[in-house]
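Take a look at the structure set out below.
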Amino acid sequence: MARTAIVTGGTRGIGAAISMALKAAGHQVAATYAGNDEKANAFKQETGIAVYKWDVGSYDACAEGIAKVEAEIGPVDILVNNAGITRDAMFHKMTPQQWQEVINTNLSGLFNMTRPVWDGMRSRSFGRIINISSINGQKGQAGQANYSAAKAGDIGFTRALAQEGAKKGITVNAICPGYINTEMMATISEDVMQKHILPQIPVGRLGEADEIARCVVFLASDDASFITGSTLSANGGQYMG
Ligand code: CAA
């Protein structure tokens, strides 16, 4: 069944693959982005997917943006909380700003986006919330105390909300990607990649964004209605928690 979906951070990286896969599955998609107008406009031209600009770190911006999407496209049935940033630093060098920026986008962003769609999903007795967490929220990662904390928080949020949504036809699940071949990887030096990351991935390669997008399409489908509160790991065998 065709539904309306919002994908945050939906114009680049994993989010772009998710937006395109949901569209290919027949859904109407709104992709949000925070800053890169050029990339977002190119994405819109190439895919025909509507793009909206706001900061998921701001509750008011989310409430306003979602109201606009609902007026232009329709009530939101599928929310994919994908937007995320890194500000990696060893903890002895991490600044309060690096901590706060990551918590605000990667954790508070889930509250800010989910709260405004929740009442509508409850009243329509259907909803799919899919939170893109991370392998590093499961296992922790040196250089990412901020990111690991936020992504672990995303899993707790998922499990609590799944219990609340269950009786109202709303499923809430998390996906934990491993290391995926996107621009985010460019922040990792070749040395760290070769020495510390690739040797830990049993399948011997980075994942592809499409491999995460396919998980989202499944969890968003009517077929997945008995799956809620789960954490789906897609990490090439790097962590089996
Ligand atoms: N495990 C163990 N040791 C590590 C390590 C790791 N993953 N990464 C770095 N180290 C070691 C280094 O080898 C180095 O040790 P030596 O001094 O003995 O050589 C020491 O820690 C300091 O590392 P750097 O020299 O790299 O320190 P830096 O201050 O220049 O950089 C850093 C710090 C930015 C955190 C850098 O180490 C880094 O980028 N690490 C990778 C962090 C990472 O995995 N980020 C994931 C990004 S992708 C993502 O977030 C998506 C997702 O969900 C998976």
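The values are calculated or read from the model by the stated rules, or taken from the named source; none is laboratory data. Small disclaimer: the values here were computed from a predicted structure and weren't measured. Cβ placement follows ideal geometry from the backbone for every residue including glycine, while neighbour counts extend to all protein chains displayed. Surface areas here come from the heavy atoms of the whole protein model, side chains and all, with no ligands, DNA or RNA. Shrake-Rupley method; radii C 1.70, N 1.55, O 1.52, S 1.80 Å.
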With θ taken as phi - 60° and the coefficients 6.51, -1.76 and 1.60, list the Karplus ³J(HN,Hα) couplings across the stretch 138-146 in order, rounded to whole Hz; mark glycine and proline as x. 8, 9, x, 8, 3, x, 9, 4, 5
Along the Cα→Cβ direction, 7 angstrom out, place labels at Ala71 and Met193. What is the inter-label distance in nm? 4.4 nm
The local net charge around Ser230, scoring Lys/Arg +1 and Asp/Glu -1 for residues other than Ser230 whose Cβ lies under 15 Å from its Cβ, equals 0
Per residue of the stretch 61-68, what does 6.51 cos²θ - 1.76 cosθ + 1.60 with θ = phi - 60° give for ³J(HN,Hα)? Whole Hz please, x for Gly and Pro, Karplus curve as stated. 5, 5, 4, 5, x, 5, 4, 5
Could you work out, for the stretch 4-234, what percent of all Cα-Cα pairs fall into each 10 Å distance bin, beginning at 0 Å and stopping at the bin that holds the largest distance? 8, 34, 38, 16, 3, 0
Between Gly35, Gly137, Gly153, which gets the highest mean-square fluctuation from a Gaussian network model of the chain, Cα cutoff 10 Å? Gly35
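Which order do peptides 37-50, 8-21 fall in by mean Cβ count within 10 Å, highest first?
Values: 37-50: 14.6, 8-21: 25.8.
Answer by packing, highest mean first, reads 8-21, 37-50.
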Tell me the mean residue ellipticity at 222 nm calculated for the chain from its helices only (DSSP H runs of n ≥ 4, each -39500 (n - 2.57), averaged over every residue, nearest 500). -13000 deg cm²/dmol
Highest-MSF residue in the chain out of Ala186, Ala213, Ala63 [GNM, Cα springs under 10 Å]: Ala186
Helix 37-47 sits off the longest principal axis of the Cα atoms of the chain, rounded to the nearest 10 on a 0 to 90 degree scale, by 60 degrees
Find the accessible area per residue for the stretch 4-234; the probe is 1.4 Å, ligands and nucleic acids are left out, and the unit is Å². 46 Å²
Pairs of lysines 8 or more apart, or on different chains, with alpha carbons under 20 Å: count those in the chain, would you? 10
Which of these, Gln138, Gln194, Gln98, has the largest mean-square fluctuation under a Gaussian network model of the chain (Cα springs below 10 Å)? Gln194
Rounded to a whole %, the carbon-and-sulfur portion of the accessible area of the chain at a 1.4 Å probe is 53 percent
